[in-house]
Every structure is written in C-alpha cells, then in structure tokens.
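Below: the structure, in structure tokens.
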Amino acid sequence: MAERADLMSTVPDPDPLMEKEPVPGFEPLIVTIACHYCSYAAADLAGSMRLQYPPNIRIIRTPCTGKVDVLYILKAFEEGADGVYVAGCEEGGCHFDIGNLYAKQRIYYAKKLIQQVGLEPERVEMFNIAASAGPRFAEVAALMTERVKRLGPSPINIKRI
Amino acid sequence: MIIAEQKPLEEIREMLGDAKKVMVLGCGACVTICFAGGSKEVGILSSQLRIAAKKDGKELEVIEDTIERQCENEFFESVKDKMKEADVVLSIACGVGVQTIAELFPDIIVLPGLNTTSFGRPKEPGVFAEYCGGCGDCILDLTGGICPIARCSKSLLNGPCGGSENGMCEVDPKTIQCAWHLIFEKLEKMGRLDQIEKINPPKDWSNSMSGGVRNIVREDLLEVKLES
Amino acid sequence: MKSNSNLEKVFASGQLAVTGELGPPKGTNIKVIEEKAKHLKGMVDAVNLTDNQTAIVRLSSIASAKILLDIGLEPVMQMVCRDRNRLAMQSDLFGAVALGVRNMLCLSGDHQVFGNHPQAKNVYDIDSVQMINMVKTMRDDGKLLSGDEIDGEFKMFIGAAENPFGDPFASRVPRLAKKIAAGVDFIQTQCIYDMERFKKWMEGARARGLHEKCFIMAGVTPLKSVGMANYMNNKVSGISIPEDIIKRMKGVPKEQQAEEGIKIMVEQIDELRKVEGIKGIHLMAIEWEHRVPELVERAGLLPRPKFD
Ligand code: SF4
Ligand code: SF4
C-alpha cells in the first residue's frame with residue numbers, strides 16, 4: 001500500500017481516511033490534472049523509468065495549474081469521476097511563479113462546492129510534484145487511488161461497484 | 001456596481017423544488033465582476049445542481065445562459081424562447097434583474113439565486129466592499145470622499161464613536177475598517193481638520209428609501225409617441 | 001439653572017459630583033430596581049439608567065427613571081440613537097420631562113450585533129452629537145427639530161459620554177469640543193484604567209479650555225477579579241487596562257482580588273479628583289450596587305451634598 005506522499009499537498013497528516021478499509025472490489029476513476037512544466041513531466045519520467053502506478057488515473061495536461069478552474073473539477077464529478085486531483089510544481093517552483101498557489105486556493109474552494117452537493121471534500125486534493133520527481137508522481141497516483149478506494153464510489157454513480 | 005453573493009445551495013435547491021427543467025440565467029454586468037452571477041458562476045451552479053440531483057436520483061435538466069444585462073428589456077431577445085421552455089428560471093442577477101424578468105415575462109416563474117447586498121467595488125482581488133448606501137443626498141464633500149452612511153456601521157454623521165479601535169470598527173474588528181477613522185486621517189492629511197469639528201446636521205433622509213420609493217423621471221428622455 | 005436637577009446643583013455649588021449607574025432588569029421585575037436603588041440612595045447625586053445597554057432588551061430607561069424618582073433618587077436617563085428615530089426621541093423626551101426627569105445622557109448606543117436581537121434593523125436616524133443639539137434646542141428655544149413650538153416647559157441637563165481611549169486618539173479632543181459646541185452640559189467618560197492616556201486627553205481638553213465649558217466626570221469601574229480585567233481588556237472595545245493593573249490583580253489570591261480591585265479604584269479616584277478640570281466621578285459598579293456605599297465611603301466621597 002502506498003505511503004502518504006508527503007511534502008506538499010492538501011492531504012492532512014495524519015490522514016484519517018487511511019484508517020478506513022478500502023471498499024472491496026471498487027476500482028475508482030480518478031482525474032489527474034497535471035501542469036505541463038512539472039507534474040506532467042514527472043509523469044513522463046515515471047513512464048520512462050518504467051515505474052508502476054495504478055491504471056485508475058486519467059491525466060489531463062494544463063499549461064499551468066493556475067489555469068485550473070473549479071468548473072473543470074465539478075465537470076469531472078458531473079461526468080462520473082470518483083476523485084480529482086491537481087498536480088502542480090512545487091511551491092516556489094512554479095513556472096509562472098504563483099499559478100500553483102492560486103490552484104491550491106481553488107482546491108479548497110472546490111472542496112466546499114462538492115461538499116455542498118453531498119460529496120466528500122477528500123475527493124479533491126492538490127499535490128506538488130517537481131519535474132524530476134518521477135517516483136513521487138507514481139506515489140501520489142497510488143496514494144490518491146488508495147484514498148478514493150476508501151471513500152467508495154462517488155455517490156452519483158454508486159452503480160459502478 | 002452592485003454587489004451580490006450566491007444564496008446557500010441548499011436554499012436554492014429548496015426553492016427549485018421538483019422543477020424538472022431549470023434555466024440558470026446569468027448577467028454579464030456587476031454580478032460578473034463580483035463573481036456571483038456571471039457565465040462562470042452559471043456553469044458552476046448548474047454543475048452543482050446536476051450533481052446534487054444525480055446523487056438524489058432526481059431527474060433534472062439544467063439549461064445555462066448568460067445575457068449582457070438583466071436589468072434592461074432589450075437583452076432578453078436572444079434567450080426568451082429558451083426561458084419559456086424551462087419550468088423555472090433561476091436568475092443569478094441582482095434583485096433588479098430578477099424583477100425585470102418577473103415584469104417582462106409574467107408567465108415565467110423566476111427565482112432569485114443571489115442575495116443582493118450593496119453598492120460597492122472590488123477593493124482588491126477577492127474582496128468586494130460596500131461603499132455607498134444610496135442615501136439620495138450625497139455628502140462625500142464633507143467627509144473627505146469617504147461615505148459614513150454606508151461605511152460606518154452606525155451611519156454616524158459625527159463620528160467616530162467610542163468603539164473605534166486601531167482603525168477598525170467594533171462591529172467586526174477583523175473586516176470592517178472604521179469609516180470615521182479613515183475620514184479623520186483623510187481630513188488631517190488634507191489639512192481640513194476644521195471640517196471634523198463642524199457639526200453635520202441631522203440628515204434629510206427623505207431622499208433615501210425613507211422618503212418612499214424613488215423613481216426618477218426625465219421628461220427629455222421620455223418616449224415620443226406619434227398620435228395617429 | 002438649566003434644569004434645576006440635583007446633579008446640576010452639585011456642579012453649580014463647586015463640589016465634586018458623584019453619579020452611579022443602575023442596569024434595569026431584563027423584564028418587568030421592578031423589585032430589581034428598588035433593591036439596587038436602596039444601596040445607592042444618599043451615596044450618589046444621581047443615577048444613570050441604561051437604555052437597552054449592550055443592545056439587550058431591558059425595562060425602558062424612562063420607566064426606570066420614573067421608578068427611581070418615586071423612590072427619591074435622581075435619575076440620569078440614558079437614550080441611545082440605535083432604537084429611536086427623531087420622532088420617537090422627542091416624544092419620549094416629552095414623556096420623560098413630564099414625569100420629572102431632569103438629566104439625560106445622549107449616546108450612540110452599542111451596535112445591535114452585540115445584543116440579544118442581532119437580527120434587528122437599527123435606526124441611527126440622528127447621532128449622539130445631533131441628539132445633544134436637538135435636546136438643547138428643545139430646552140433653550142422651546143422648539144422641536146422641525147422648528148415647531150413645544151407646548152409646555154422643557155427642562156433638561158444634557159449629558160454625553162466620551163471615550164478618551166477610542167481611536168484615533170487625536171480625534172478625541174475635537175470630538176469633545178464638538179459635543180460642547182452641540183450644547184452638552186456634562187460629560188461622563190468611559191471607565192479609566194489607562195491614567196496616562198486619560199491625562200493626556202485632559203491636557204488637550206484644558207489646552208482648549210474645554211474643561212470650563214462643560215462638567216467632566218471621570219468614569220471608574222472597580223475590577224472584581226483578574227477574569228473581569230482580562231475580559232474588559234480583550235472583549236470590550238474602547239477599554240484598555242494597563243499591564244501593571246492586571247499584574248497587581250494577579251498578584252493576590254483569588255479571594256482577595258475584589259478587595260485589591262477596590263483599593264485600585266480608591267487610588268484611581270484620589271488621583272482623578274486631583275486632575276485639573278475633573279468635576280465629578282461617575283462610578284459604574286456593574287452588578288455591584290450593594291457595594292456602592294462601601295466604595296464611596298472608602299473613596300472619601302461622602303457625605304453627599306443636600307439642597308432644599
Ligand atoms: S453620502 Fe449617500 S450618496 Fe454619497 S456615497 Fe454615501 S450613501 Fe452614497
Ligand atoms: S467604530 Fe467607526 S465605523 Fe464602527 S460604528 Fe463606530 S464610528 Fe462607525
């Protein structure tokens with residue numbers, strides 16, 4: 001099982017979610033929004049290093065996480081995603097200086113928005129992954145998958161168990 | 001501009017009741033600037049409504065649209081057919097927009113998605129502050145350009161009261177600046193402290209809402225109708 | 001004489017005036033007033049009756065003033081701008097004068113968010129400075145704010161509060177001047193703990209001769225405990241208690257804190273009455289009315305003058 005991918009993320013430490021058991025037989029669908037300059041490059045690197053990470057994630061590339069709008073996140077849930085996470089450069093290392101910091105604020109806002117409609121706020125998180133951190137990319141993918149497995153299917157598509 | 005904020009989602013859903021087809025209609029003016037009722041917010045709110053309905057296993061179709069201004073008749077031309085198709089129109093314009101729809105389309109059920117709060121401006125990114133109370137008798141000339149009607153929690157005309165501390169108002173020392181502290185500093189800077197000792201007389205509130213509904217008629221602008 | 005009130009007479013006689021304060025009950029139980037009044041009788045020259053203080057609904061200050069008059073104590077009726085517009089104020093003032101009230105205090109009033117009806121719509125039609133001026137016009141010109149003549153005599157000794165500890169500090173003397181220009185007869189200050197700042201304020205007032213244009217009464221409140229001191233320091237806006245006073249309170253065991261608070265108060269009163277321009281002491285012994293006889297005795301404020 002994946003360890004908590006530490007350093008920078010909106011995941012609390014310790015993470016009470018990981019104390020739960022995963023919902024048996026559930027394979028979540030997770031949307032990963034990764035920025036071109038860091039996290040997407042890290043994903044590439046993970047691939048060329050032949051690192052294993054769960055097939056549950058679907059990666060969308062954005063020029064910068066600062067481009068991420070809460071609407072993208074809501075749309076993902078509306079279309080059936082069980083979890084969404086945004087992966088940007090490390091704080092202080094954003095190619096556009098502060099795009100990832102704006103993204104983080106929006107992630108907290110998105111948590112509120114999905115909570116209002118009855119989804120667990122833990123379904124949305126933000127991670128910071130440097131371009132050189134291929135292994136961390138794989139780690140984060142595994143961690144988020146494990147977390148969402150514990151949350152179970154999104155309440156709007158229970159049937160997918 | 002007019003400042004507004006979205007009503008709690010729960011309240012909106014309650015208002016919508018069992019409507020099967022809802023049109024969320026945004027406004028491209030003030031409420032777009034204050035991120036309460038522009039096309040972006042139409043998208044977010046509509047998406048939330050759809051997710052919530054799916055979660056509850058309810059049937060709901062949400063149509064989205066935004067027009068330039070909801071307070072003027074002519075902008076409804078492009079959306080009026082769509083509006084009529086919906087069971088209800090959820091307007092996320094200010095209260096004026098909602099009422100314009102109610103007046104122009106007596107057969108359409110229109111619901112307010114926002115709480116309209118004040119006249120103000122985006123003071124800094126993410127901060128929308130109240131600046132004017134629409135008192136109908138502007139006295140900014142006396143107060144260094146800072147409005148004590150809207151920006152003093154007690155609308156005092158001869159402040160500051162005893163609750164002013166470190167520049168902040170006792171009503172909420174975290175978010176409300178004391179208007180009279182600002183006025184004092186401004187007048188001091190302008191070398192017009194004599195002004196602060198002049199007693200501002202009781203205000204004539206008859207120009208405000210206290211005098212009844214205020215409709216302005218400009219004869220020169222009235223529609224000219226040809227006698228047939 | 002503007003009002004012929006006892007308080008005015010004390011000032012006129014050149015003696016140090018003393019006023020107390022009484023919070024009316026949160027209901028109709030007038031025994032509360034009678035009980036508190038019993039302790040104040042003969043101990044102070046007049047008693048403030050708060051008007052829905054901290055925006056909490058209480059027996060009205062007018063009715064309380066009448067009850068006090070019946071007991072034989074002189075009221076200082078407080079009136080806030082929060083709850084009444086100019087119509088209600090003037091009509092209530094007629095009522096008060098007709099019932100025999102001769103002193104009043106014009107206040108902005110605490111904002112309703114602090115009280116038990118934070119959902120209320122406030123009034124603030126006129127502010128405290130304008131109220132002072134309105135009452136003065138009623139008294140001196142026999143006219144309402146509208147200019148209409150008043151039918152009958154209207155006598156009133158007009159007071160107001162001033163907070164030397166509010167910010168910006170530089171606005172506090174001008175504001176006093178403004179209240180004087182509006183027609184105030186006497187001023188009661190917010191409770192004083194920060195002696196240095198208070199003296200600075202008085203210095204500013206004296207520099208402009210304001211101490212001779214109205215009677216300034218220094219506000220004092222005995223601290224009952226360290227808890228109360230901390231509460232007032234942190235929670236009540238416009239009050240700051242210097243570190244050394246809090247230290248002094250902390251320095252004694254809990255059972256002796258009240259006694260220490262009284263000692264501090266007595267010292268404060270001694271110091272305040274020596275300040276040039278101070279014409280009276282306003283003693284706000286909050287929910288401590290029964291201790292007032294002891295407090296004024298120990299502060300050397302007895303006996304109170306009597307006039308025929
Ligand atoms: S004085 Fe009146 S009109 Fe002028 S800014 Fe204030 S509320 Fe608005
Ligand atoms: S603290 Fe300032 S803004 Fe607040 S009520 Fe008093 S004068 Fe007005």
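The values are calculated or read from the model by the stated rules, or taken from the named source; none is laboratory data. All values reported here derive from a predicted model rather than from experimental measurement. Cβ atoms come from the backbone with ideal geometry, glycine included; neighbour counts cover every protein chain shown.
A count restricted to the range B:177-192 and to residues that are away from ligand 1 (no atom under 16 Å from the Cβ) and out of contact with any helix residue (DSSP H, G or I) (no Cβ under 7 Å at 6 or more places or on another chain) stands at 7. Checking each residue in the range C:137-156 for being outside any strand (DSSP E or B) and in contact with a helix residue (DSSP H, G or I) (Cβ under 7 Å, 6 or more places away or on another chain) picks out C:Met138, C:Leu144, C:Leu145, C:Ile150, C:Phe154, C:Lys155, C:Met156. Residues satisfying the criterion are absent from the range B:110-117 (criterion: farther than 30 Å from B:Val22 by Cβ and more than 16 Å from ligand 1 (Cβ to nearest atom)). Determine, yes or no, whether B:Ile199 is within 16 Å of ligand 2 (Cβ to nearest atom), farther than 28 Å from B:Glu68 by Cα, within 14 Å of chain C (Cβ to nearest Cβ) and surrounded by fewer than 18 Cβ atoms within 10 Å (Cβ to Cβ). So B:Ile199 passes the test. Within the range B:126-167, the set of residues being more than 10 Å from every other protein chain (Cβ to nearest Cβ) and more than 7 Å from ligand 1 (Cβ to nearest atom) comprises B:Val127, B:Phe128, B:Ala129, B:Glu130, B:Asp141, B:Leu142, B:Thr143, B:Gly144, B:Gly145, B:Ile146, B:Arg151. Of the helices (runs of 4 or more DSSP H) entirely within the range C:192-308, those holding at least 1 residues that are of a type in the set (S, T, N, Q) and farther than 27 Å from B:Glu197 by Cα occupy C:226-235, C:254-273. With respect to the stated conditions, B:Thr100 fails to be among the polar types (S, T, N, Q), within 14 Å of chain A (Cβ to nearest Cβ) and crowded, with 20+ Cβ neighbours inside 10 Å. Whenever a residue of the range B:122-141 is without any contact (Cβ under 8 Å) to a residue 40 or more places away in the chain, its partners that are more than 7 Å from ligand 1 (Cβ to nearest atom) and part of a helix (DSSP H, G or I), lying with C-beta atoms within less than 7 angstrom and at least six residues away or across chains, give the pairs B:Tyr131/B:Arg151. Only one of the numbered conditions (1) more than 9 Å from ligand 2 (Cβ to nearest atom); (2) at pLDDT 95 or above; (3) out of contact with any Ser or Thr (no Cβ under 6 Å at 6 or more places or on another chain) is violated by B:Phe184, and that is (3).
Restricting the range C:235-258 to residues that are within 26 Å of B:Pro173 (Cα to Cα) and among the polar types (S, T, N, Q) leaves a set whose member that is nearest to ligand 1 (Cβ to nearest atom) is C:Ser237.
Number of residues in the range B:1-17 that are out of contact with any helix residue (DSSP H, G or I) (no Cβ under 6 Å at 6 or more places or on another chain) and within 14 Å of chain A (Cβ to nearest Cβ) equals 10. Of C:Arg206, C:Arg248, all but one fail to be of a type outside the set (A, V, I, L, M, F, W, C) and within 23 Å of C:Val173 (Cβ to Cβ); the exception is C:Arg206.
So that you can scan it fast, the table gives a plain yes or no per residue for (1) among the hydrophobic types (A, V, I, L, M, F, W, C); (2) more than 16 Å from ligand 2 (Cβ to nearest atom):
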residue: B:Lys154; (1), (2): no, no
residue: B:Val171; (1), (2): yes, no
residue: B:Lys189; (1), (2): no, yes
residue: B:Ser206; (1), (2): no, yes
residue: B:Ser210; (1), (2): no, yes
